[in-house]
């Protein structure tokens, strides 16, 4: 490509509404252009990156045996009504009425449509396994779209759906995808982690997020530097501390803590470590009759160490806690006779289910609320001062330094941006839509499904969050809009410069290198600033002075300075660098 | 590709709602699957064809210097309000409200968005010309979607938009596209015509439709077999007959034609040729004040030969006739004192503007209505019986045998399917949206625009309408979902067959041939029927008996029978055929 025949449109300043660095740099580099909240034009420079992402994804999906097709952007509501998602999904599902008043949605994902296809196409176990995918426009009507392509409303997603005859086959299909995703992310040239994620009600470990590591990432990623353990915060298990509970050393006593209603305030006021205090959280679960009326409510008290955070996903997975909610003030008063801030497990008005974190179950001489305003208990001990808990479980988020669940060291935490997800769905959709096949015995069975997404247009944003400096983007070779830029200096004045640049351009093109020749006749400063902002990884500068000695300048986007390379060797150098 | 790893899903019968052959065959070949009225899944087999269309279009657009980008499917209404199209367009424009109640449209085309981009990006004449294109999902909420991909609601279109500094430059950009389109359509391997089309109010010849020739096409295409003249019916000019008007031979007389109100009935009743009768059509044009009230109405009488059809586009282009309508019965009675069926230009109650077709102006001794129920006039002659007309013009559709406007013979008519259009837009959108650039004198000027569409998903349907037989589709090599299919006979029983098929498959793959190996172990009859339906152009059958003599069978989809080819020569034969 020659720059004069392309659209290069850089900005000195990012627009005021660009909050994160990837959004700012994509706007400044002329890769995207906003036309409405969360809706962007993919400009020529940006589209080249998106197409490279697509090509890698398509190649590896095909290699893994998945079959490409395309499902419509505008989908009839009927299928979404079959699974109940038309009603259940919130306003992020964009609903439309056509000219005849019929309901449609703009697809945010395509489980319904692909399951409809499968139930029509797949009759027999002999046709399984099958994995269908599409790379297609999606829409989610986010309440607050922001961060450019990171959280847009219209976006491109690769979504794949596997269909299998039984759970084991579905697990095998899942593993094929998990492996293909590793190849895909390896090829992107980004630092990433595949982290175990919560797999919902299904259980098992068949859910992984692919997270691009970036300090600005919105997700916390837990990993073990000494092993390949990695999980997201919802999923990462907090093991019980090693060793038995220490013997009681203190007597229990009630102390005045006037106005000190948080663990931190109490610990500071009493001169204790925060880690010896206990946090009391009151939750409730309702049992309903068929008409939806509440017929019974179970109140539970959760105890965590004062310096820990509750993990709602873990609590929700405990027996009977699937739909837990925080208790009302009336329920708290009914059971504890006290307002929040001074609650504890001792001296209740009415019994509650006592669920304590693994860590708390091993504590001695701890501090908790006295169920009396402005008072706490200190020196509290299990067995002596209160009975052992009803349930001991992992209730909290892990922290740096926790033991790794695989026993291979301690955990560390970093930030990531989720750009891929592989997920075992089970029969959720096939049951709802009656998608069956005939098994070896001729008996209808529900298809076992998995789903596998990659945020095609989110990926470039994540790549930039990970790879940039004060001058702009630093693309890995695989994602760069152009791999190499040739910058002739004053080619209008020096015929030899123009000639050498043109010849090198032709040589690289013929070698299949994705090269752009900057023939705009810009000043060197402006030209270099543009290409550093755009982030092309390899730059060759051709100047009259160097040429006289047969030399050009090569600089990788990550290099602090350029190096002199013989004109006769530059094409070879670039090709060997691109292969590496 | 191996068939076992793909989705081959053929049907014996087409669904009842499939009316045209392309729709039937695409459904039967498993290329598309309906999920709602005018909304289709592009199934794996169909998507492969669509991708081939896209690839050819993209390559030639890039070669012609156009720059690819992507505009959103869901577009904010604001831009559409700037040009007035948000209000003006009918219900075929799918309108949406987002969660905040803001108006959006699902794009049917993107003039507004691309003009918005151009007015932001293009500041100076130095940046011109530019041509931006996208290959993107579109939606038109057709009142009666039908014929599968031929007239769907959701479809894929390549739309390009050129921006230029003046009319001459815009014409040059138009010609670049017109040339690129010829390359594209040549590469598709279809029989097509580029036909001149009406260019709306702008005038000039800068509008061409690319029509795939097919007996089932909905458009009539006019062409001259002796030259390269071609135009659509709206545009094709009907020349005046050669030679002067004959002298009057008959006296004018009134004859009774009781109940004969059509030209055909009158001609038959009186024993005249239909070509000596005159058709009277009464139309009106209203002049309105600023408030939209009608302040004046001009009634005109159009005269055509009895066997001709009026061309509304031609009439609409006459001076003062832009918004003509057919006259009301009251208006007809007011001017003619007679009901339709017996109208004519002689003996009016109130004067009308008399506009006659070129052919009529040269007729003598003709028949027309007498402005009296159940009576006609015969032997009518210009000058003698009535004054010469106010205006003589081309008012009619051409017919086979008319003189070609280029003077190189006579016209023929065939049917076509419009799949592409190149069009000079002028400043319609740039004025409405104030898209200006600074010219050489630093003065703002409106950009001159052109637009260029190709119906990506319509093209495969048009290709099938042109290329099929009773067994199914016959793809040209360039569009086939697979170019070559290998059909081993009973590879499960004959190891040599499997071995030879596998080896040939690998050889062809390595040579870059788009080959599918049918490893499904189907019976030969079912296998052949599938591939004839799907329309793969080249088939190689590998059977045990032939192999023993080192032979395989080759059959092109158009061949009536297969021919024996040595196994050692088949790969070379296929490659040479694909190059041809």
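The values are calculated or read from the model by the stated rules, or taken from the named source; none is laboratory data. Please read these numbers as outputs of a predicted model, since none were measured by experiment. Cβ placement follows ideal geometry from the backbone for every residue including glycine, while neighbour counts extend to all protein chains displayed.
Structure above, values below:
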item: Members of the stretch A:156-184 that are over 18 Å from residue A:69 (Cα atoms), within 14 Å of another protein chain (Cβ to nearest Cβ) and either free of Cβ contacts under 8 Å to residues at least 24 places away in the same chain or buried (at least 24 other Cβ atoms within 10 Å of the Cβ) (or both); result: A:173
item: Options B:543, B:512, B:535: the member that is free of Cβ contacts under 8 Å to residues at least 40 places away in the same chain, more than 16 Å from residue B:4 (Cβ to Cβ) and out of contact with any helix residue (DSSP H, G or I) (no Cβ under 6 Å at 6 or more places or on another chain); result: B:512
item: Test: residue in the stretch A:454-470 that is touching a residue at least 60 places away in the same chain (Cβ under 8 Å), under 25 Å from residue A:58 (Cβ atoms) and surrounded by fewer than 20 Cβ atoms within 10 Å (Cβ to Cβ); result: no
item: Residue count for the stretch A:349-364, restricted to those that are assigned to a loop (DSSP other than H, G, I, E, B) and either buried (at least 18 other Cβ atoms within 10 Å of the Cβ) or under 40 Å from the mean Cα position of the chain (by Cα) (or both); result: 4
item: Filter result for residue A:36 (touching a strand residue (DSSP E or B) at 6+ places or on another chain (Cβ under 9 Å) and within 10 Å of another protein chain (Cβ to nearest Cβ)); result: yes
item: Residue A:395 being farther than 22 Å from residue A:218 by Cβ, more than 22 Å from the chain's Cα centre (by Cα) and surrounded by 20 or more Cβ atoms within 10 Å (Cβ to Cβ); result: yes
item: Residue in the stretch B:436-446 that is farthest from residue B:149 (Cα to Cα), counting only those that are in a loop (DSSP other than H, G, I, E, B) and in contact with a helix residue (DSSP H, G or I) (Cβ under 9 Å, 6 or more places away or on another chain); result: B:440
item: Some residue of the stretch B:242-259 being closer than 30 Å to residue B:22 by Cα and touching a strand residue (DSSP E or B) at 6+ places or on another chain (Cβ under 9 Å); result: no
item: Identity of the residue in the stretch B:60-75, closer than 30 Å to residue B:484 by Cα and touching a residue at least 60 places away in the same chain (Cβ under 8 Å), that ends up farthest from the other protein chains (Cβ to nearest Cβ); result: B:60
item: Given (1) free of Cβ contacts under 8 Å to residues at least 12 places away in the same chain; (2) surrounded by 12 or more Cβ atoms within 10 Å (Cβ to Cβ), index of the condition residue A:291 fails; result: (2)
item: Residue within the stretch A:102-109 that is facing chain B (nearest Cβ under 10 Å), out of contact with any helix residue (DSSP H, G or I) (no Cβ under 7 Å at 6 or more places or on another chain) and surrounded by fewer than 23 Cβ atoms within 10 Å (Cβ to Cβ) present; result: yes
item: When residues of the stretch B:142-153 are limited to those that are buried (at least 24 other Cβ atoms within 10 Å of the Cβ) and within 11 Å of chain A (Cβ to nearest Cβ), the one modelled with the highest pLDDT; result: B:153
item: The stretch B:76-96 residues that are more than 8 Å from every other protein chain (Cβ to nearest Cβ) and in contact (Cβ under 8 Å) with a residue 40 or more places away in the chain, paired with ones that are assigned to a helix (DSSP H, G or I) and crowded, with 20+ Cβ neighbours inside 10 Å (beta carbon under 7 Å, 6 or more apart); result: B:82/B:112; B:83/B:112; B:83/B:429
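Yes/no matrix, rows are residues, columns are (1) part of a helix (DSSP H, G or I); (2) within 25 Å of residue A:22 (Cα to Cα):
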{"position": "A:417", "(1), (2)": "no, yes"}
{"position": "A:424", "(1), (2)": "no, no"}
{"position": "A:430", "(1), (2)": "yes, no"}
{"position": "A:434", "(1), (2)": "no, no"}
{"position": "A:449", "(1), (2)": "no, no"}
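Residue-wise test of (1) buried (at least 17 other Cβ atoms within 10 Å of the Cβ); (2) in the same structural domain as residue B:387 (by TED's automatic domain parsing); (3) closer than 24 Å to residue B:199 by Cβ; (4) in contact with a helix residue (DSSP H, G or I) (Cβ under 8 Å, 6 or more places away or on another chain).
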site	(1), (2), (3), (4)
B:221	yes, no, yes, no
B:225	no, no, no, no
B:244	no, no, no, no
B:266	yes, yes, no, no
B:299	yes, yes, no, yes
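For every residue, the table says whether it meets (1) crowded, with 21+ Cβ neighbours inside 10 Å; (2) part of a strand (DSSP E or B); (3) within 11 Å of another protein chain (Cβ to nearest Cβ).
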{"position": "A:10", "(1), (2), (3)": "no, no, no"}
{"position": "A:16", "(1), (2), (3)": "no, no, no"}
{"position": "A:22", "(1), (2), (3)": "yes, no, no"}
{"position": "A:25", "(1), (2), (3)": "yes, no, no"}
{"position": "A:46", "(1), (2), (3)": "yes, no, yes"}
{"position": "A:50", "(1), (2), (3)": "yes, no, yes"}
{"position": "A:55", "(1), (2), (3)": "no, no, no"}
{"position": "A:58", "(1), (2), (3)": "no, no, yes"}
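The rows are residues; the columns are (1) on the phi > 0 side of the Ramachandran plot; (2) modelled with pLDDT of 95 or more.
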| position | (1), (2) |
| --- | --- |
| B:493 | no, yes |
| B:505 | no, yes |
| B:521 | yes, no |
| B:560 | no, no |
| B:569 | no, yes |
| B:574 | no, yes |
